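The values are calculated or read from the model by the stated rules, or taken from the named source; none is laboratory data. Note that the structure is predicted; figures quoted are calculated from it, not measured. Here the Cβ positions follow ideal geometry from the backbone for every residue, glycine too, while neighbour counts run over all protein chains shown.
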Amino acid sequence: MRKLLFVSLTLLLLCSAVVAQQPAPTPGPLTFYYDYTVQPGKEQEFMTLINTIGAPVRDKLMAEGVVLAWGMETPILRYPGGTTNLIWFAVQNYAGVEKVLTAMEARQAKLAADEAAAARRGNRGMTTAERVRATFDMSKTRDWLIRDLVANYGPPPATGVLPYTRYNFVKVKPGRGQDYRRVWEKYNKPIFDKLVADGTVLAFGLAAEDVKPDGDWTHFVWIATPTMAAADKIAPAFAADPSRRSEKDRKEITDAFLEVTEPDKARSIITRSRIFKVKP
């Protein structure tokens, strides 16, 4: 965060006192993402494995209030070396992450024990672990732990609606995370709030990696819509806002974002939900 130079010690102490009195922002929920590369022709087997291993765990923990939502998505655009499927679950805190991961380990151990018992009775087939290795390339699996900094949710989508989600990845300059969030909330959040209010957008958020294993990007904006057609209304909404501003204001907004980000690092993906569940 930018260091401010104060002309007097008195002013510094006064400002420090005011900051100390302000409550710290409540941490947003955490979302754990698994990026998978499924072998060609193994898509249905991948879905079967989800229903065998992960779905029972996440559904049970959702019923208990630990998991807030979970789903599986596939990218609309394919490219060499890209993810083919991603699974995610949202929880309130790290305790929730631990409960999900512990329950997943227990589920896999039970399946392995049941399969070993069946093999001893002469019912030898492919084990779940063997099916996993045959279905996707484990060497390309990538995990992410993300925290929402800002988010807004409309009513849950109607039964059967599988949202489309656009992820806009951003690289924020070192030490400028708070500045980027302030600029984003000032200029972008009000437009997204209106889109949620009119039903164009189901939900949106500004998120950041809570654990940073590499430096490809630092933040992303996610926007969920009920259809791809709904996304056609997003760009005009953003274009209409600058059109009401003076040229000077538009330049200031552009400069504010350019000052805190590395535009050449920006990238986007769009995914289609194949499984989408939200806590009632």
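Of a type in the set (K, R), surrounded by 15 or more Cβ atoms within 10 Å (Cβ to Cβ), within 18 Å of the chain's Cα centre (by Cα) and part of a loop (DSSP other than H, G, I, E, B) - does that describe any residue in the stretch 134-148?
No: the stretch 134-148 contains no residue that is of a type in the set (K, R), surrounded by 15 or more Cβ atoms within 10 Å (Cβ to Cβ), within 18 Å of the chain's Cα centre (by Cα) and part of a loop (DSSP other than H, G, I, E, B).
Among the residues of the stretch 67-81, write down those that are at pLDDT 95 or above and surrounded by fewer than 19 Cβ atoms within 10 Å (Cβ to Cβ).
L68, T74, P75, I76
Pull up the stretch 82-98, narrow it to residues that are assigned to a helix (DSSP H, G or I) and buried (at least 17 other Cβ atoms within 10 Å of the Cβ), then point me to the one that is farthest from the chain's Cα centre (by Cα).
Among those that are assigned to a helix (DSSP H, G or I) and buried (at least 17 other Cβ atoms within 10 Å of the Cβ), it is G96.
Would you confirm whether or not the stretch 20-27 contains a residue that is out of contact with any Lys or Arg (no Cβ under 8 Å at 6 or more places or on another chain), modelled with pLDDT of 95 or more, assigned to a helix (DSSP H, G or I) and loosely packed, with under 12 Cβ neighbours inside 10 Å?
Scanning the stretch 20-27 turns up no residue that is out of contact with any Lys or Arg (no Cβ under 8 Å at 6 or more places or on another chain), modelled with pLDDT of 95 or more, assigned to a helix (DSSP H, G or I) and loosely packed, with under 12 Cβ neighbours inside 10 Å.
Out of K277, K186, K233, report the one residue that is surrounded by 12 or more Cβ atoms within 10 Å (Cβ to Cβ), out of contact with any Gly (no Cβ under 6 Å at 6 or more places or on another chain), more than 30 Å from I50 (Cα to Cα) and charged (D, E, K, R).
Exactly one residue qualifies, and that residue is K233.
Only one of these is under 27 Å from D214 (Cβ atoms) and aliphatic (A, V, I, L, M): I191, I146. Name it.
So the residue among I191, I146 that is under 27 Å from D214 (Cβ atoms) and aliphatic (A, V, I, L, M) is I146.
Can you name the helices (runs of 4 or more DSSP H) wholly within the stretch 169-280 that have at least 2 residues being acidic (D, E) and either outside the structural domain of L77 (by TED's automatic domain parsing) or touching a Lys or Arg at 6+ places or on another chain (Cβ under 7 Å) (or both)?
Result: 177-187, 247-260.
Can you find even one residue in the stretch 108-126 that is under 22 Å from the mean Cα position of the chain (by Cα) and outside any loop (DSSP other than H, G, I, E, B)?
Applying the first criterion (under 22 Å from the mean Cα position of the chain (by Cα)) to the stretch 108-126 yields none.
Within the stretch 108-126, not a single residue is under 22 Å from the mean Cα position of the chain (by Cα) and outside any loop (DSSP other than H, G, I, E, B).
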